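Visitor: I have a structure I would like to understand better, so I am pasting it below and will then ask my questions one at a time.
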Amino acid sequence: MNPDLVALLALQQDDAAVSKINARLKELDGEVALLDRAAASAKEALARARAALDAEEVRHRDLTNKVQDHKALQDHHVSALDAVRKPREASAAMAQIEMTRKVLAQEESDLHSLGSRIMDLRQAAGLQELEIAEIATKQKEERERIAAARAEVEGELKAGIAKRTETSKGISKGLLTKYERLRERGQSDPLYALRGQACGRCNTAIPLQRRNGIAGGKAVEICEGCGVLLYAMG
Ligand SMILES: [Zn+2]
């Protein structure tokens, strides 16, 4: 058998092994991405809870100030009433007191609802913080496992690439270039065996003369149909 063909077949095997190793690395990356996403979404939930809490606290502060102002106003109305002597002025002052009382009652009720909402939001933010800590603890072991697996697979990758580099040294430059170009174009297996009288990949019939040229592993030919490298053992 042509030594080029022997080396090329070996190279294709080496490359298949490297591809498998790369696929495993990609799987591990996918696992890390899933963990990252879970951690990120917990953090986003906390940020949302805190933003809602901040907004409600601002509203609470504003409303508290308003209530204080209205209470001061009410005190003013009440002392004004004491000074009033005429019945008409007294009823006007009482109407004003009544109106302010209603406003104050509504504001104090709103303040109360806001207060309980703030407590709920604080509790939710606190729970979310616990959740984040729990996720980090749970993920720690998982991340360590993945990192260890990754280190091992990276070692395999390094060895696999060294092996294919060594193997490629045994192939004539022209043929190796053709092989590499096919791989660059996404053809993971550039080398195909003849199937019967046709290309093993695209089934294009190979003329007798060229078939004879590659028979018994004498040489490698390019398929005119799909461009892969063809060989024949028989
Ligand atoms: Zn073909």
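The values are calculated or read from the model by the stated rules, or taken from the named source; none is laboratory data. If you're wondering where the values come from, they're calculated on a predicted model, not measured in any experiment. Virtual Cβ from ideal backbone geometry, glycine too; neighbours counted across all protein chains shown. SASA here: full protein model, heavy atoms, side chains in, ligands and nucleic acids out. Shrake-Rupley method; radii C 1.70, N 1.55, O 1.52, S 1.80 Å.
Visitor: Determine if region 199-210 includes at least one residue that is of a type in the set (S, T, N, Q) and in contact with a helix residue (DSSP H, G or I) (Cβ under 8 Å, 6 or more places away or on another chain).
Guide: Just the residues of region 199-210 that are of a type in the set (S, T, N, Q), to begin with: 203-204, 209.
Retained after the next criterion (residues that are in contact with a helix residue (DSSP H, G or I) (Cβ under 8 Å, 6 or more places away or on another chain)): none.
The answer is no; no qualifying residue exists.
Visitor: Taking C226, is it buried (at least 18 other Cβ atoms within 10 Å of the Cβ) and touching a residue at least 12 places away in the same chain (Cβ under 8 Å)?
Guide: Spelling it out, it is not the case that C226 is buried (at least 18 other Cβ atoms within 10 Å of the Cβ) and touching a residue at least 12 places away in the same chain (Cβ under 8 Å).
Visitor: Have a look at R101, R85, R117 and point out the one that is outside any helix (DSSP H, G or I) and more than 21 Å from S41 (Cβ to Cβ).
Guide: Sole residue among the options that is outside any helix (DSSP H, G or I) and more than 21 Å from S41 (Cβ to Cβ): R85.
Each row is one residue, and each column tells you yes or no for (1) open to solvent by less than 60 Å² (accessible area, probe 1.4 Å); (2) away from the ligand (no atom under 16 Å from the Cβ); (3) assigned to a loop (DSSP other than H, G, I, E, B); (4) not basic (K, R).
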site	(1), (2), (3), (4)
E144	no, yes, no, yes
E154	no, yes, no, yes
K158	no, yes, no, no
E166	no, yes, no, yes
G174	yes, yes, no, yes
L230	yes, no, no, yes
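Visitor: Is one or more of the residues making up region 200-207 aliphatic (A, V, I, L, M), in contact (Cβ under 8 Å) with a residue 24 or more places away in the chain and near the ligand (Cβ under 10 Å from one of its atoms)?
Guide: yes
Visitor: Between A52, A16, A33, which is assigned to a helix (DSSP H, G or I) and either more than 51 Å from the chain's Cα centre (by Cα) or surrounded by 15 or more Cβ atoms within 10 Å (Cβ to Cβ) (or both)?
Guide: Answer to the check: A52.
Visitor: Then there's this: Any idea which residue in region 181-199 is farthest from the ligand (Cβ to nearest atom), counting only those that are more than 16 Å from L5 (Cβ to Cβ) and either touching a residue at least 40 places away in the same chain (Cβ under 8 Å) or outside any loop (DSSP other than H, G, I, E, B) (or both)?
Guide: Ranking the qualifying residues of region 181-199, first place goes to E184.
Visitor: With at pLDDT below 95 and open to solvent by 60 Å² or more (accessible area, probe 1.4 Å) as the only criterion, which of G186, G170 stands out? If you could, list the steps in order and put the result at the bottom.
Guide: Working: G170 fails: open to solvent by 60 Å² or more (accessible area, probe 1.4 Å).
Sole residue among the options that is at pLDDT below 95 and open to solvent by 60 Å² or more (accessible area, probe 1.4 Å): G186.
Visitor: May I ask you to list the residues in region 208-223 that are open to solvent by 50 Å² or more (accessible area, probe 1.4 Å), more than 12 Å from the ligand (Cβ to nearest atom) and of a type outside the set (D, E, K, R)?
Guide: L208, Q209, N212
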